[in-house]
Amino acid sequence: MTDKWYLGIDIGGTSIKVGLCDVDGALAHTYEGPTETDRGRECVLDNIAAYARRCVEEAGMDWGQIRGVGVGIPGQIDAVRGVVEFAANLPLSGVRLKDHLEKVLGKPVRIGNDANVAALGEALSGAGRGAANSVTYTLGTGVGGGIVVNGRVVDGFSGMGGELGHMTIVPDSEAVRCGCGRIGCLETVASATGIVRMAREALEQGVRTTLSEAGALTAKAVFDAAKAGDDTARRIVDRAAHYLGLSMAQVAVIVNPERFIVGGGVAAAGEFLLERVRKSFRAHALDRAREGVVIVAAELGNCAGMIGAAGLVRDL
Ligand code: BGC
């Protein structure tokens, strides 16, 4: 039995997931608890530390066996200084999270953007295994991205590397405002939030669609209606896929990855979404930048964040 264990913590707006990983990135135990953002910063910080310790306790291990702690956070992260610069859905903006956690947990800590960390997880032990260069999109409430080049995540100069959801891609004539304050971001059309917004707009315009009978208007309801042949829902899915494929065509001439990996809740739509994304990518990408390039579904699901976060500290 190895005594080298790593904790990977995935902080989300609703829950905090902690995974205990071995040197190969295999999860031995996980613990999940509520983030409790409404109870404020101190409570969220206390929860992170408490869940980390509880995960190790539940696994029947000693805290001394933990070598390091990695953390993924949805937002703009300065990974070098270990600071959460801005997190729209968490009360952690401005927090020196690395320093804080190193003090309360007594272990080396590294932090990173949630999607960068998920991309690392997929690259280490998911759909990106064996590929030196891969680019992961996470399609959820927002659109996250992570670029892995020669096995390392590109954080960039100020942590903005791989913020693919904020590529300006929708033409001004059709663009709406993004949560980041700018207009035309990929996130406005390819996130669950964007898909629901497009569906709501169609309903408000009085378009005939089976979506008017869907109980709750969710991205899944839009995909289900599209799969069942609803024209409006299909146009929305086509639009999301068009811009995803178009954005990949841009990334292809910058990074030239061999694999694009699509994860996050929206990716549960599976091949129905992916085949449309591939079609758009093929139509827009430069020949030599698309030859041999594959677009595949993520493999680690909800665990990518924990596995990738642990990966941040595995090479310490
Ligand atoms: C944020 C990213 C984050 C993504 C997924 C985006 O809106 O800008 O930092 O990775 O959502 O959570």
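The values are calculated or read from the model by the stated rules, or taken from the named source; none is laboratory data. Predicted model, so just to flag it, every value in this text is computed and none were measured. Here the Cβ is made from the backbone with ideal geometry for all residues, glycine too, and neighbour counts use every protein chain on show. These accessible areas exclude ligands, DNA and RNA; they are computed on the full protein's heavy atoms, side chains included. Shrake-Rupley method; radii C 1.70, N 1.55, O 1.52, S 1.80 Å.
Identify all residues within segment 9-65 that are in a loop (DSSP other than H, G, I, E, B) and aliphatic (A, V, I, L, M); write none if there are none. Passing the criteria: VAL23, ALA26, ALA59, MET61. Of all the residues in segment 56-86, those that are within 16 Å of the ligand (Cβ to nearest atom) and out of contact with any strand residue (DSSP E or B) (no Cβ under 6 Å at 6 or more places or on another chain) number 2.
Answer yes if at least one residue in segment 222-235 is more than 22 Å from VAL176 (Cα to Cα), among the basic types (Lys, Arg), touching a strand residue (DSSP E or B) at 6+ places or on another chain (Cβ under 7 Å) and not assigned by TED's automatic domain parsing to the domain that holds GLU32, and no otherwise. Checked segment 222-235: no residue is more than 22 Å from VAL176 (Cα to Cα), among the basic types (Lys, Arg), touching a strand residue (DSSP E or B) at 6+ places or on another chain (Cβ under 7 Å) and not assigned by TED's automatic domain parsing to the domain that holds GLU32.
Restricting the search to strands (runs of 3 or more DSSP E) fully inside segment 66-169 and requiring at least 1 residues that are buried (at least 21 other Cβ atoms within 10 Å of the Cβ) and in contact (Cβ under 8 Å) with a residue 40 or more places away in the chain gives 66-73, 76-78, 109-113, 134-139, 143-149.
I'm trying to understand the selection: among the residues of segment 171-191, which are hydrophobic (A, V, I, L, M, F, W, C) and at pLDDT 95 or above? Correct list: ALA175, VAL176, ILE183, CYS185, LEU186, VAL189, ALA190.
Taken over segment 203-235, the criterion of being touching a helix residue (DSSP H, G or I) at 6+ places or on another chain (Cβ under 7 Å) and free of Cβ contacts under 8 Å to residues at least 12 places away in the same chain is satisfied by SER212, ALA214, ARG234.
Of everything in segment 107-141, what is more than 16 Å from the ligand (Cβ to nearest atom) and within 14 Å of VAL313 (Cα to Cα)? Give them in sequence order. LYS107, PRO108, VAL109, ARG110, LEU124 - these are the residues of segment 107-141 that are more than 16 Å from the ligand (Cβ to nearest atom) and within 14 Å of VAL313 (Cα to Cα). Looking at VAL293, VAL255, VAL277, which is the one that is in the same structural domain as VAL135 (by TED's automatic domain parsing), in contact (Cβ under 8 Å) with a residue 40 or more places away in the chain and within 20 Å of the chain's Cα centre (by Cα)? Answer to the check: VAL255. Out of all the residues in segment 270-284, is one or more part of a helix (DSSP H, G or I) and in contact with a Ser or Thr (Cβ under 7 Å, 6 or more places away or on another chain)? No: segment 270-284 contains no residue that is part of a helix (DSSP H, G or I) and in contact with a Ser or Thr (Cβ under 7 Å, 6 or more places away or on another chain). Has segment 46-58 got at least one residue that is open to solvent by 70 Å² or more (accessible area, probe 1.4 Å), under 19 Å from ASN113 (Cβ atoms) and not aromatic (Phe, Trp, Tyr)? Within segment 46-58, not a single residue is open to solvent by 70 Å² or more (accessible area, probe 1.4 Å), under 19 Å from ASN113 (Cβ atoms) and not aromatic (Phe, Trp, Tyr).
Of all the criteria given as (1) in the same structural domain as VAL56 (by TED's automatic domain parsing); (2) over 14 Å from the mean Cα position of the chain (by Cα), the one not satisfied by VAL149 is (1). Of all residues in segment 185-198, those satisfying the criterion of being more than 10 Å from the ligand (Cβ to nearest atom) and either over 17 Å from GLY162 (Cα atoms) or free of Cβ contacts under 8 Å to residues at least 12 places away in the same chain (or both) are VAL189, ALA192, GLY194, ILE195, VAL196, ARG197, MET198.
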